[in-house]
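K.L.:
Pasting a structure here, questions to come.
The values are calculated or read from the model by the stated rules, or taken from the named source; none is laboratory data. Fair warning: this is a prediction, and the values are worked out from it, not measured in the lab. All Cβ positions, even for glycine, are placed from backbone atoms using ideal geometry, and neighbour counts span all protein chains on display. Remember, those area values only see protein heavy atoms, side chains included, never the ligands or the DNA or RNA. Shrake-Rupley method; radii C 1.70, N 1.55, O 1.52, S 1.80 Å.
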Amino acid sequence: MNFDRHRRLRASHTIRDMVRETHIRKEDLIYPIFVVERDDVKEEIKSLPGIYQISLNLLHEEIKAAYDLGIRAMMFFGIPNEKDACGTGAFIDDGVIQRATKIAKSLYHDLLILADTCLCEYTDHGHCGVIDDHTHDVDNDETLPLLVKTAVSQAKAGADIIAPSNMMDGFVAAIRQGLDEAGFYNIPIMSYGIKYASSFYGPFRDAAESTPSFGDRKTYQMDPANRLEAMRELESDLVEGADMMIVKPALSYLDIIRDVRNNSNIPIVAYNVSGEYSMTKAAAQNGWIDEERIVMEQMISMKRAGADMIITYFAKDICRYLDK
Ligand code: PBG
């Protein structure tokens with residue numbers, strides 16, 4: 001009888017380690033932190049167990065905890081004291097993210113700070129841009145200059161990577177031009193250009209206090225049913241100058257990550273979003289799953305699909321697993 005003996009390469013732990021195709025490293029991880037402008041808050045977010053809203057004056061503790069575990073890339077989301085119709089808090093020099101970035105950069109010179117460039121946490125209506133009074137929809141071209149201002153102010157504060165998540169058309173081109181004109185031609189753009197209008201963002205909106213006060217984000221974020229559309233978004237972002245591409249959410253969109261991998265040669269980032277984290281944590285808290293093994297399997301699946309990096313609320317947990 002003649003057949004393949006695949007089990008030869010599975011016979012022991014050592015040989016399995018030797019032939020393993022996909023690995024998780026601390027360098028792959030980007031840790032999101034929710035920063036509150038008012039003082040003395042350290043409050044666990046109910047729908048994101050283990051993740052906190054943290055004040056600027058306490059932020060150093062959280063940065064140090066993550067840094068000591070080996071995390072070298074962090075992404076800040078701001079919760080400002082004041083919101084208005086055009087999201088001014090996103091682009092003022094002493095805005096919450098600008099201040100958080102300065103704090104982080106003064107603590108560790110080798111820590112990468114990613115800035116989420118969007119207006120939804122800063123607008124009083126919770127949308128990612130300014131609203132057109134007639135259509136009651138986000139006005140694309142009126143929003144672009146505000147995003148440019150936001151990115152430039154984030155770069156001025158010391159951000160190492162600009163990660164725009166607003167899903168306006170032309171945002172990569174506009175921000176690239178704005179950064180270049182301000183002298184930041186060396187600051188890369190990690191584009192969230194493939195971002196679906198997903199229900200998996202629910203817990204994030206609790207944490208960032210950014211639920212839209214009317215309507216939804218379906219006129220700018222993508223329809224979860226569409227795969228070819230993601231390739232059109234990818235094409236324009238590549239032409240406009242994106243240095244890296246985020247696919248978001250991740251676990252229900254592994255096919256999209258693979259499509260991006262097969263159709264481009266830039267680094268890919270999977271955003272393991274809030275709802276994906278919450279569902280896993282909830283099942284683990286009930287004792288229904290083995291948290292560590294499920295989390296590592298999820299991480300491996302994103303990398304196997306083609307991701308180089310992962311933005312994940314599990315980052316600290318994963319470092320602890322890797323240290324064992
Ligand atoms: C800002 C933004 C959102 C997320 C990241 N940046 C929310 C949204 O689009 O509503 C979601 C991340 C998560 O769910 O973890 N636009």
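K.L.:
If you wrap a convex hull around the Cα atoms of the range 137-176, how much volume per residue is inside, in Å³?
P.N.:
Details: hull volume 2.4 nm³, N = 40.
That works out to 60 Å³ per residue.
K.L.:
I would also like to ask the following. Below 13 angstrom from the Cβ of L119, what's the summed charge of the other residues (Lys, Arg +1; Asp, Glu -1)?
P.N.:
Values: positive: K83, K149, R217; negative: D84, D116, E121, D124, D139, E142.
Overall, the nearby charge balance is -3.
K.L.:
Loop only per DSSP, at most 11 neighbouring Cβ atoms within 10 Å: give me the GluC sites (Glu not before Pro) in the range 31-94, ordered by residue number. Present the calculation step by step, with values, prior to reporting the outcome.
P.N.:
Working: sites: E37, E43, E44, E61, E62, E82; in loops: E37, E82.
Hits after loop and neighbour filter: E82.
K.L.:
Tell me the relative contact order for the range 94-227 as a rounded percent, counting alpha carbon contacts under 8 Å between residues six or more apart.
P.N.:
Numbers: 185 pairs, mean separation 34.6, N = 134.
Computed over the range 94-227, the figure is 26 percent.
K.L.:
How much length is gained if the chain between N265 and A225 is pulled fully straight, taking 0.36 nm per residue apart and subtracting their Cα-Cα distance, in nm to one decimal? Show your work: numbers first, answer last.
P.N.:
On the way: separation 40, 0.36 × 40 = 14.40 nm, distance 2.47 nm.
11.9 nm is the gain from fully extending N265 to A225.
K.L.:
Let me ask something else. Counting only residues 5 or more places away or on other chains, whose amide H sits under 5 Å from the amide H of N272 once H atoms are built in the peptide plane?
P.N.:
Close amide H contacts, sequence-distant or interchain: I311.
K.L.:
Here's another thing I want to ask about it. Could you tell me which of rounded, prolate or oblate describes the range 63-105, using a ≥ b ≥ c as the square roots of the eigenvalues of the alpha-carbon gyration tensor, with rounded for a/c under 1.5 and, failing that, prolate when a/b is larger than b/c and oblate otherwise?
P.N.:
On the way: a/c = 3.44, a/b = 2.72, b/c = 1.26.
The shape class here is prolate.
K.L.:
Hey, if you put +1 on the Cβ of every Lys and Arg and -1 on every Asp and Glu Cβ in the chain, which of I268, M296, L254 ends up farthest toward the positive end of that dipole?
P.N.:
My answer, from the dipole projection, is M296.
K.L.:
Could you look at the range 23-323 and say what percent of its accessible area is carbon and sulfur, using a 1.4 Å probe and all protein chains?
P.N.:
Details: 6020 of 12370 Å².
With neighbouring chains kept in place, the figure for the range 23-323 is 49 percent.
K.L.:
Next up: Could you sort out which of K156/K324; K42/K218; K42/K281 sit more than 27 Å apart by Cα distance in this structure?
P.N.:
On the way: K156/K324 39 Å; K42/K218 33 Å; K42/K281 20 Å.
Too far apart for the 27 Å limit: K156/K324; K42/K218.
K.L.:
Express the accessible area of the chain per residue in Å², computed with a 1.4 Å probe while the remaining protein chains stay in the model. Walk me through the numbers on the way to the answer.
P.N.:
Numbers: 15100 Å² over 324 residues.
About 47 Å² of surface per residue is accessible.
K.L.:
Looking at the range 125-203, which trypsin sites (Lys or Arg not before Pro) are DSSP coil and have at most 10 other C-beta atoms within 10 Å of their C-beta? Don't skip to the end; give the middle numbers.
P.N.:
On the way: sites: K149, K156, R176, K195; in loops: none.
Sites meeting the loop and neighbour criteria: none at all.
K.L.:
Percent antiparallel among DSSP beta bridges with both residues in the range 23-323, to the nearest 5? Display every interim value, and only then the final one.
P.N.:
Details: 5 of 38 bridges.
Percent antiparallel among DSSP bridges in the range 23-323 is about 15.
K.L.:
Based on the alpha carbon coordinates of the range 23-323, what radius of gyration and maximum Cα-Cα distance (Dmax) apply, in Å?
P.N.:
Cα radius of gyration and Dmax of the range 23-323 are 17.9, 56 Å respectively.
K.L.:
To continue, here is another question. Cα extents of the range 22-102 along the three principal axes, largest first, in whole Å?
P.N.:
Over the range 22-102, Cα extents along the principal axes are 45, 24, 23 Å.
K.L.:
Just report the Cα centroid separation between the range 157-175 and the range 287-324, whole Å.
P.N.:
Using only Cα atoms to place each centre, the spacing works out to 27 Å.
K.L.:
For the chain, what does -39500 (n - 2.57) per DSSP helix run (n ≥ 4), summed and divided by total residues, give at 222 nm, in deg cm²/dmol to the nearest 500? Walk me through the numbers on the way to the answer.
P.N.:
Details: 11 runs with 124 residues, N = 324.
The per-residue figure over the chain is -11500 deg cm²/dmol.
K.L.:
Which is the longest part of the chain that has none of the chymotrypsin sites (Phe, Trp or Tyr not before Pro) sitting in a DSSP loop with at most 14 other Cβ atoms within 10 Å? Can you show the working numbers first?
P.N.:
On the way: sites that count: F3, Y108, Y185, F214, W288.
My reading of the result: 4-107 is the longest stretch.
K.L.:
Near E240, within a Cβ-to-Cβ distance under 12 Å, what is the net charge of the other residues, with Lys and Arg +1 and Asp and Glu -1? Write down the numbers at each step before the final one.
P.N.:
Working: positive: R176; negative: D169, E233, E235, D237, D243.
Charge balance near E240 sits at -4.
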